[in-house]
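Enquirer: I have a structure I would like to understand better, so I am pasting it below and will then ask my questions one at a time.
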Amino acid sequence: MMAVVPDTEQLRELEADTRQAWSAYSEQLRELTGEEYERAERESWAELQTELSRLELRRRSLTHPPA
């Protein structure tokens, strides 16, 4: 059985993409208040969760390849 070592560069890129996703979420909400914030936060949170899930799937494929 051969061990597979994840591509360190790809993992770094995933970390950078994760930070970018959180930054985009934060930026979308900056300076919003009241109802405008509430509406934007729900939409932005959903987008963030979708992106984080996509990134996690990529991360798993690198760290736990199919047998």
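Enquirer: Restricting things to alpha carbons, find the Rg to Rh ratio for the chain using the Kirkwood radius for Rh. If you can, show how the numbers build up before the last one.
Expert: Details: Rg = 16.1 Å, Rh = 13.6 Å.
Rg/Rh for the chain comes to 1.18.
Enquirer: Give me the accessible area per residue for the chain, probe 1.4 Å, as a whole number in Å².
Expert: Working: 5450 Å² over 67 residues.
On a per-residue basis, the chain sits at 81 Å².
Enquirer: For the pair GLN49 and GLU13, what calculated FRET efficiency results from E = 1/(1 + (r/R0)^6), where r is the Cβ-Cβ distance and R0 = 30 Å, to the nearest 0.05?
Expert: Working: r = 20 Å, r/R0 = 0.67.
Computed FRET efficiency for GLU13 and GLN49 comes out at 0.90.
Enquirer: I've got another one for you. To the nearest 20 Debye, how big is the dipole of the chain about its Cα centre, given +1 on the beta carbon of each Lys and Arg and -1 on that of each Asp and Glu? Don't skip to the answer; put the middle values down first.
Expert: Working: 9 positive and 15 negative charges, 86 e Å.
Approximately 420 debye in magnitude.
Enquirer: Moving on to the next point. Ignoring ligands, DNA and RNA, what percent of the 1.4 Å accessible area of the chain is carbon and sulfur?
Expert: Values: 2920 of 5450 Å².
Here it works out to 54 percent.
The values are calculated or read from the model by the stated rules, or taken from the named source; none is laboratory data. Here the structure is a predicted model, which means the values were calculated and not measured. Note that we place each Cβ from the backbone using ideal geometry, even for glycine, and neighbour counts take in every protein chain shown. Areas reflect the complete protein model, heavy atoms only, side chains present, ligands, DNA and RNA absent. Shrake-Rupley method; radii C 1.70, N 1.55, O 1.52, S 1.80 Å.
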